[in-house]
Every structure is written in structure tokens, then in C-alpha cells.
Amino acid sequence: MSCYMAAALLLLHGSLFTGPVQARFGSDISTDNADNRFANMGQVTVKQWAVVDGEVDLKLNVEDTPGELEAWILDFQPYMHNDDQQWPVEDGWLWSNQTGECSSVHTSAEFYTFLNDTGFQSLSGTGGKNLFNSYTRGTLGNASRRADEVAYSGPLKTLLDCKSQGSNESVWNMTSTEDEVEFRTRLYVINVRPKDYYRPQKGVSFVQSHIDLIWRLYRTALARVILSSSGLLRPVFEYAIVSTVYDVNGDPDWSKARLDLRFITITDSDVQMSVYVNASANYTAQNPANGLREVVSAPPVQPEQTPACQLIPHYIDGGLQCHQVWDFTFLLDIDTTSLVDGQPIDATGDFSFMYDSYTCAVTNGNVNRTLCTKDAVPATKVSAEITIQTTVELTDAEADEITLHLHRMVGSDNEDVSVNGRRGVAHLENVTVEVKFSPAFLRQDYQLELTLFMVCIGNVTEHPAGCLVADPDDRYVAWKEPHLVFEYNGTTWRHGDFLSDYEQPLYWQGYVHESAENPTPVHRSQFTNLALSAQSAQYTITTVFYLVAKEGRRRRALPARQIIMNKVLEPENVQPAETGLAFSRTRRDIMDTIDEPKSFVTGFSFSGCPEVAKYNPYRRTCECPDKMVYNSLTFTCEELELPGSGGGSSGTPDIGASYALLLLSCLLQLLHW
């Protein structure tokens, strides 16, 4: 994470020359036609930029060159930050009060004091400034430069509270989406040297570069399980969406989170429906530091205003069932004190809701909510375990990269089946995988295109190539594009490398754009899981994506090559001339990798074949015994019904009826998708 010395070298006098001056990068316009003032200069690099247990740790390595009169200024504003020329060095002094409140210039000093090799000394504390609280003088040893350290360790709030000099404006720029908050700032690193080595009071030159520091917070809601206390009411999870909460000043408050929750209740009746019990919503967190602050919205509690019944035939007997959709919005307190850079922190808790049962009249084939009577049965409790996952990422602009994240992975019942889920995935179960990418600002112009989807047995989630390194007998391919190319550690995989792999095509895949019910754009893949073993085991999903420009959007231009050069402004004897003092070092940008394929690897647990089934490795399937059939709704082996079981006389299995039932279950599975 180097900070390359790019761009402005300026010569300053007590009175700045205001006449016409022409200069350009790479031009030497000094009187002796020689500019080697910064030929021997170190650099400033980010040594550490992390969050540990909620505390920020920012360490900067500052290289001092022995024998040179120089000083480093670290500030969140440029050297020439105002129009009245009250810049850090003036009248032979380095002025602390003419730098920002969070700069490294904690003490004012005269020329030879701050430019001398002894000018930088160790200090514990801020020295009157608001941020950096540790200054450590390094040792020279056998190195050509001394490695000093300027550091801040403490609450993130202190860092985010830094303001521009003379204003109440934050030095941080904030952008946010429903799932991501980003803070970005520019830390200027300025090397100051005298124009004349022997007469430093005549003026100074400086080289200014910068480090862009980035702080991002991601949040995802995962539904672990949803249960009912009564067999009369069956809940089915729909979605949980977590979003950012803002304070009165419009700043994000990551100690809180908004959660939108939707689920469906199903009653096996065409005359009975459920009504939410007033103020019965409750939240019990596993971590006492998390909690329910407010129920923002809940359904009406009167039968005539309750969500309407949708009468839908049962998939087996065809009897009508009452389906009702329930929406809740909560404001939660989230503990962020244990955040560690790059490590997800889970806030898991149980939401509970009470429902009364009502019997209603049916009018024109619909449940009439105005003609209902409360049933004399106990209220039913619906419980949903939800996890809000928070991840913080700290980086700088040169180390920043495009990353892929699991948005959700759910089974046929919409419950979480990721590697951290409560249950495994069954054979022939339909699974939905949603992947998003960051940073979020790229989503305006780009979307994800899938070129490979593969499942294998075993845990290879830590390998960037995932299932690509697995044996073909231990995997199956669900999607591959002709233009697939992925390279890792000297090995390249292409479409032709998977022609002999077992194929189980995706049922559907595509990019889902932002909407009211889908505030975070994601790539969605839907696949039907196949068995790769008889027993339960860890499975891995490996995908390869490209970022492609959205239709109708112009691609962002790649940044021009950035070269480090020197520039001198001299108020007299202006004679432009070419100079060779250009240090050709390219500054990396996140857009440099926009066209590269990106892999995403995640895992899930396979629940194993039914106990009575046998595993067929050639067909990647669980095969039930004779006179039994695999039910892809219950994921069990079920006996074929005999016609004599209902009083008939035939002893021959009713194969047609049984396969009709199987076909119906499969069709209903497809309708669910």
C-alpha cells in the first residue's frame, strides 16, 4: 500500500510571484537548469489500517532521509488549502495552527528545528491535535533511511470526526446503499525542503501526494429457521432485508439497523384465517447488547383489516388453503464493539409473533373478513430466528479491489442453507444462491455475468479456484459459458476443460436489478442439488463472474497512467526547459482489474441420502428401493400406494397413481421457483 510521490513540487517565497508564470510537469525552470532537490527522498506508506474489537489502528511508515533538510506533513487537506496563503510554512516557521486539526504537525517550530534530522522525536499523545496519538522515531541501522511511525489507535468516531481547518465540514465523504456504507477520505503526505540548503529561510519547495483511506460496512440478514407452536398454522419465510439507519444529521448510525421481515402463514382450511395479536411482536437476542428498539410497523389487529386470504389448492389432496402475507419493520440496536476488520460479526436473535384463529364466512369464493368469529383455541406462536451479519472492511485506494459477497443462500422453504445454516440441503432440493459485488458505486454502471457454476464434495472454500481443483468424479457443472477463462497460480481453465463433466443445468440464472422488494441488486442462480455421496458431507459451490457494463451505460474510462514528476515555480528568470527528473511509477486503481474474471467460492452441507436409499455415483442420485419412490417435496423415499389399500381387490402396485403423485410434486416444485 505504497503512497507514490506524485504531482506537485512548488517553490514558495515570503511574497508569492503573481505575474504570468508558465510551467509544466517535467519542466525545470530554475536559474541553474538543474533540479535535484528531491532526488533522494523516501516515501510514506500505510503500515496498518484495521479495526480490532471496534478500535481503529492506523499506522503510517514515514521514511526520513539522513543528511537532508526535510520535514513530512501528514494532513487531511492539501498544502495550499486556502486562498489567503496561510499555508503550513510561513516566515521561516512551520505553523501548527495553519494545518488541519487532525494533522501530524502538533507543534510549531522554526526552520532548522523542524527540518533537521532531529526534528522528528517520539511522542505519546496528540500534542494538541485531535487524531494521531503516537509518534515513534525509528532507528537507521544499515538502511539508507530511517523508518519513523505516525499512528492513531482509538475509537473510529474520533477519526470520523476530523474536520477541515476553519470549518465544520467533515474530511470524510460518505456514500451509502441499503446494504453498504462507505466513508472515504484523502490523507495528504507532503515532503517540505528548503530552496537553498544553506539559506532555508529564503523559501521552501514541497512534493505532495496522497493516500485515499476507505472504510466500508456491509450488512446482510439471514433467516435461519421459522417455526409454529401449532400444527394448524404453518409459516413460510419470504425475506429479511437489513438497511442503514441515519441520525438527525443524516449520518449513518451503524449501532442500529432497520429490518424488514416478511413471511407467509398457511392454514389448511378455506374458512379459517389468522389475525395478528396486538403488540405481540418480540425480539430476544443471543447477545444482550443487541435488542429491539422499536416496532416501526406491524399488521392491523382487526379481522376486517388483516391480510387477505389467498385460497390455494393443496399440492396433494387439492383442498383449499388460506395463505396470508405478513410484513413487519423493526429498529434494532446492534453491538459493534467486537468488530474485526474483514471478519463477519453475527447478531442472532429470535423474533416471535402471536396469532389468533378466526372462522369466517365465504362470499363469492373468497373469505369474507367482515363476517368472522374468533375460535376458542389458544393463540399460535410463530418464531423466526434471524441473523444480522455485519462486516467492516478497511483499505486504501491502491489496495482496494472488487469483491464478491454471498447475499443469501436459501433452500426450498426460503430458509438459510449456507454453511452457517441450521440444516443441510437435500438431494433434489431447489437452492437459490444470490451474490452481490462491492464497492457499491460500481453497481451504477456494471452488473455480474455468470460464466461458471460448479458444485463439488469437500470443503475447498479457502481455495480461490475452489471446485476447479477437484476431481471430475467429485463434482457436477451447472453452468459454463463458451468464453469462460479463469487463471490462478499459473493454471488456466476454459470451457473445453469441462466437456466431460457431469452436468446438472441451472434451473434459472440472471442479474436481478434493484427494486422495492429487492433493494440490493444481485446475481441469482437457482439449481437443483444432486447427491455426490450417500452420507452427509460438506459441499462447495464455485462460480466465476465477469463485471459487464449495463445496457445503455457507458463504461467508466480507465484511469490514465499516472507518472511521478517534479514541478518548480520560480518567480524570476522563467526559462522552460526539459528535465529528466520523472520517476515513472504507475499508481494502481480499482478500475485496472474491472475486466478480470472473479471467482466466488462458498459452501453448504449436504444432508445425505434417505437411510433406505442407495447412492449411484454415475447418476449422482439417491435411489430408493423397489416399490418406493423419491419424493422431491419431502426428500424421503415413500412407498408406492397399492390399489387394494383403500378396499380394492388388486394386489398389483398402482404405478400410474404413484408416478402421477410424483409428477404433481415436481410440477409444484417448478411453480414454486
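The values are calculated or read from the model by the stated rules, or taken from the named source; none is laboratory data. Please read these numbers as outputs of a predicted model, since none were measured by experiment. Every residue, glycine among them, receives a Cβ derived from its backbone with ideal geometry; neighbour counts consider all protein chains shown.
Structure values in brief
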{"read-out": "Which numbered condition THR158 misses (of (1) touching a residue at least 12 places away in the same chain (Cβ under 8 Å); (2) surrounded by fewer than 20 Cβ atoms within 10 Å (Cβ to Cβ); (3) outside any helix (DSSP H, G or I))", "value": "(3)"}
{"read-out": "In segment 376-389, the residues that are touching a Phe, Trp or Tyr at 6+ places or on another chain (Cβ under 7 Å) and without any contact (Cβ under 8 Å) to a residue 24 or more places away in the chain", "value": "none"}
{"read-out": "Qualifying residue in segment 106-113 (condition: within 16 Å of ASN191 (Cα to Cα), at pLDDT 90 or above, hydroxyl-bearing (Ser, Thr, Tyr) and assigned by TED's automatic domain parsing to the domain that holds GLY203)", "value": "no"}
{"read-out": "Those residues of segment 164-223 which are of a type in the set (Gly, Ala, Ser), crowded, with 20+ Cβ neighbours inside 10 Å and within 30 Å of ASP260 (Cβ to Cβ), in sequence order", "value": "ALA221, ALA223"}
{"read-out": "Residues being part of a helix (DSSP H, G or I), in contact with a helix residue (DSSP H, G or I) (Cβ under 9 Å, 6 or more places away or on another chain) and surrounded by fewer than 18 Cβ atoms within 10 Å (Cβ to Cβ) - total across segment 475-501", "value": "1"}
{"read-out": "The one condition in (1) within 18 Å of LEU222 (Cα to Cα); (2) surrounded by fewer than 19 Cβ atoms within 10 Å (Cβ to Cβ); (3) in contact with a Lys or Arg (Cβ under 9 Å, 6 or more places away or on another chain) that ASP335 fails to fulfil", "value": "(3)"}
{"read-out": "Positions within segment 513-525 being surrounded by fewer than 17 Cβ atoms within 10 Å (Cβ to Cβ) and either farther than 23 Å from HIS405 by Cβ or of a type outside the set (Gly, Ala, Ser) (or both), in sequence order", "value": "HIS513, GLU514, GLU517, ASN518, PRO519"}
{"read-out": "Strands (runs of 3 or more DSSP E) contained entirely in segment 167-271, each with at least 1 residues that are closer than 30 Å to VAL51 by Cβ, aromatic (Phe, Trp, Tyr) and touching a His at 6+ places or on another chain (Cβ under 9 Å)", "value": "180-194, 204-228"}
{"read-out": "One residue from THR220, THR175 being modelled with pLDDT of 85 or more, closer than 30 Å to GLY291 by Cβ and touching a helix residue (DSSP H, G or I) at 6+ places or on another chain (Cβ under 7 Å)", "value": "THR175"}
{"read-out": "Residue count, segment 107-147 (criterion: in a loop (DSSP other than H, G, I, E, B), buried (at least 19 other Cβ atoms within 10 Å of the Cβ) and touching a Leu at 6+ places or on another chain (Cβ under 7 Å))", "value": "1"}
{"read-out": "Matching residues in segment 272-285 - criterion: being outside any strand (DSSP E or B) and farther than 18 Å from TYR358 by Cα", "value": "ALA279, ALA281"}
{"read-out": "Unmet criterion (only one of (1) modelled with pLDDT of 90 or more; (2) out of contact with any helix residue (DSSP H, G or I) (no Cβ under 6 Å at 6 or more places or on another chain)) for ARG369", "value": "(2)"}
{"read-out": "For THR390: the one exception among (1) outside the structural domain of PRO303 (by TED's automatic domain parsing); (2) out of contact with any Cys (no Cβ under 7 Å at 6 or more places or on another chain); (3) buried (at least 18 other Cβ atoms within 10 Å of the Cβ)", "value": "(1)"}
{"read-out": "Yes/no for ASP416 being buried (at least 19 other Cβ atoms within 10 Å of the Cβ) and modelled with pLDDT under 95", "value": "yes"}
{"read-out": "Members of segment 602-637 that are under 23 Å from PHE453 (Cβ atoms) and assigned to a strand (DSSP E or B)", "value": "THR602, GLY603, PHE604, SER605, PHE606, TYR615, ASN616, THR621, CYS622"}
{"read-out": "Residue within segment 440-451 that is more than 23 Å from the chain's Cα centre (by Cα) and within 30 Å of GLU180 (Cβ to Cβ) present", "value": "no"}
{"read-out": "Entirely in segment 39-80, the strands (runs of 3 or more DSSP E) that have 2 or more residues that are modelled with pLDDT under 90 and within 35 Å of the chain's Cα centre (by Cα)", "value": "44-52"}
{"read-out": "Filtered residues of segment 167-185 (kept if under 30 Å from HIS407 (Cα atoms) and of a type outside the set (Phe, Trp, Tyr))", "value": "ASN173, MET174, THR175, SER176, THR177, GLU178, ASP179, GLU180, VAL181, GLU182, ARG184, THR185"}
{"read-out": "Subset tally (residues that are free of Cβ contacts under 8 Å to residues at least 60 places away in the same chain and outside any strand (DSSP E or B)) for segment 339-375", "value": "4"}
{"read-out": "Odd one out for MET409, checked against (1) at pLDDT 95 or above; (2) outside the structural domain of GLN321 (by TED's automatic domain parsing); (3) among the aliphatic types (A, V, I, L, M); (4) surrounded by 21 or more Cβ atoms within 10 Å (Cβ to Cβ)", "value": "(1)"}
{"read-out": "Flag for VAL248 being without any contact (Cβ under 8 Å) to a residue 12 or more places away in the chain and either touching a Leu at 6+ places or on another chain (Cβ under 9 Å) or not assigned by TED's automatic domain parsing to the domain that holds TYR112 (or both)", "value": "yes"}
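Rundown of residues vs (1) modelled with pLDDT of 95 or more; (2) under 14 Å from SER352 (Cα atoms); (3) touching a helix residue (DSSP H, G or I) at 6+ places or on another chain (Cβ under 9 Å), yes/no style:
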position: ASN287; (1), (2), (3): no, no, no
position: SER297; (1), (2), (3): yes, no, no
position: GLN310; (1), (2), (3): no, no, no
position: HIS314; (1), (2), (3): no, no, no
position: GLY319; (1), (2), (3): no, no, no
position: PHE330; (1), (2), (3): yes, yes, no
position: ASP333; (1), (2), (3): no, no, no
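The rows are residues; the columns are (1) at pLDDT 85 or above; (2) surrounded by 15 or more Cβ atoms within 10 Å (Cβ to Cβ); (3) touching a Gly at 6+ places or on another chain (Cβ under 7 Å); (4) in the same structural domain as VAL204 (by TED's automatic domain parsing).
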position	(1), (2), (3), (4)
LEU569	no, yes, no, yes
GLU572	no, no, no, yes
GLN575	no, no, no, yes
GLY580	no, no, no, yes
PHE583	no, no, no, yes
SER605	yes, yes, yes, no
TYR630	yes, yes, no, no
THR634	yes, no, no, no
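Residue by residue, here is whether (1) over 36 Å from the mean Cα position of the chain (by Cα); (2) not polar (S, T, N, Q) holds:
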{"position": "SER274", "(1), (2)": "yes, no"}
{"position": "LEU292", "(1), (2)": "no, yes"}
{"position": "ALA308", "(1), (2)": "yes, yes"}
{"position": "PHE330", "(1), (2)": "no, yes"}
{"position": "ASP335", "(1), (2)": "no, yes"}
{"position": "ASP350", "(1), (2)": "no, yes"}
